[in-house]
Amino acid sequence: MKFEFLDHEPERANTVRREPPAPAADAELLDAYSNTVVQVVERAGPSVVHVKTRNGQGGGSGSGFILSRDGFILTNSHVVHGATKLTMQTSDGREARADLVGDDPDTDLAVLRVNLPSLQHIAFAPSGQVRVGQIAIAIGNPLGFDHSVTAGIVSALGRTFPSRNGRLIDNVIQTDAPLNPGNSGGPLVNTRGEVIGVNTAMIPSAQGICFAIGSKTAEFIASWLIKDGRIRRGHLGLMAQEVTIHERVVRFHKLRQRSGALVLEVTAGAAAAEAGLQAEDIIVWFNHEEVRSTHDLHRLLVGEQLLGQRARLTVLRRHELLHLWITPRERPRNGG
């Protein structure tokens, strides 16, 4: 087999070829990048914990991070779901029993609590400040290797990803920061050491395609789990995704938003079907609240005050604005 090497020049006798020195600017950029990652790890690393689980079939482990000084910890639902015993180990080696505060398989998030002094917590990044291309740093315990750090960039925003019970999780961040089993529940942080996502999954057959639940969803769900221990949400019986509304339609109907929730599928016999909702409808208001994305719709459906109560759903059907009446039902606790 013959190979041809492009742009290859044979070395001349008694000649030593040397690579040209790297430009000073490149060296400075490398130092700046390295220093940034080091500073982020020093700032955020002490807040990351190793979550260990036990059940009737053995044990497992994952990651999590401390939300507050009084011991609340956020992790993935699939890390702790069904566990009969939970323990947590901090970055300085302290280990303690953890109690499950609340678990939401629909968003693959769970909150634990431990009773330990001097806990260092981490903050969520302000909503809407994540950009494609920005540096993303993951800290966790992949394959049992405590407090491992990987770095990459935010590859894409607005992805959807199926949870373990089949419901689509919206506004998921795609990153190429390498993740492995055990990273689940750990934070994906920005260069200020703030949480932009909760690492949750990877595609084993691909390289550099990993996913994190966005901070907006994570912060919202965590606050409800801490408050009530569970999420009560209205169930409409539809699948949807965020979509941009054509500018001419926005101007014609004098809409303030430029996006809505596009209905992909309506479940027969569910509340959405009974209200007359159809595939390709774009939901723009729910009970007089703007719906710019599926996250907005899910947020408005959380809580018991709407369950069984008639609500107004405003949709764009082609170019017509329609008002429908819908009665949300409580989503079964088993996710069905």
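Throughout, read-outs are computed from the coordinates displayed, never taken from laboratory work. In this text the structure is predicted, and so the values were computed from the model without any measurement. Heads up, the Cβs are rebuilt from the backbone with ideal geometry, glycines too, and the neighbour counts pull from every protein chain shown.
Couple of notes before you dig in:
- Neighbourhood charge, 12 Å Cβ-Cβ cut-off, centred on LYS85 and excluding it, Lys, Arg +1 and Asp, Glu -1: +2
- Computed from label points 7 Å out along Cα-Cβ, the spacing between ARG318 and GLU304 is 4.4 nm.
- Calculated FRET efficiency, GLN241 to ARG94, Cβ-Cβ distance, R0 = 51 Å: about 0.75 to the nearest 0.05.
- Sequence ranges 257-269, 317-329, ranked by mean other-Cβ count within 10 angstrom, highest first: 257-269, 317-329
- Annotation for the range 114-198: trypsin sites (Lys or Arg not before Pro) lying in DSSP loop with at most 11 further Cβ atoms inside 10 Å of their Cβ are ARG131.
- Each residue in HIS235, HIS246, HIS298 was given a count of other beta-carbon atoms within 10 angstrom of its own, and listing them fewest first yields HIS246, HIS235, HIS298.
- GNM result for the chain, Cα springs below 10 Å: residue of PRO142, PRO162, PRO178 fluctuating most strongly: PRO162
- Förster-model FRET efficiency, 41 Å R0, SER68 and ALA270, C-beta, rounded to 0.05: 0.65
- Taking 0.36 nm per residue of separation and subtracting the Cα-Cα distance, full extension of the segment from ARG54 to ILE226 would add 59.6 nm.
- Most mobile listed residue (MET239, MET202, MET88) in the chain, GNM with C-alpha springs under 10 Å: MET239
- Estimated [θ] at 222 nm from DSSP helical runs (n ≥ 4, -39500 (n - 2.57)) normalised by residues in the chain, nearest 500: -5000 deg cm²/dmol
- From the coordinates of this entry, semi-axes √(5λ) of the Cα gyration tensor in Å is computed, and it appears in (1) 47, 23, 19; (2) 41, 30, 18; (3) 28, 26, 21 under the label (2).
- Enclosed volume per residue, in Å³, of the convex hull spanned by Cα atoms of the range 234-330: 79
- Counted by Cβ distance under 10 Å from GLY60, the other residues give a net charge of +2, where Lys and Arg count +1 and Asp and Glu count -1.
- Kirkwood Rh in Å, taken over all unlike Cα pairs in the range 249-288: 11.4
- Stretchable slack from GLU289 to HIS253, in nm (0.36 nm times residue separation minus alpha-carbon distance): 11.4 nm
- Of the residues VAL154, VAL149, VAL132, the one with the fewest other Cβ atoms within 10 Å heads the list, and the complete ranking is VAL132, VAL149, VAL154.
- Modelled spin-label separation between LEU143 and ARG131, with each label point placed 7 Å from Cα along the Cα-to-Cβ direction: 3.5 nm.
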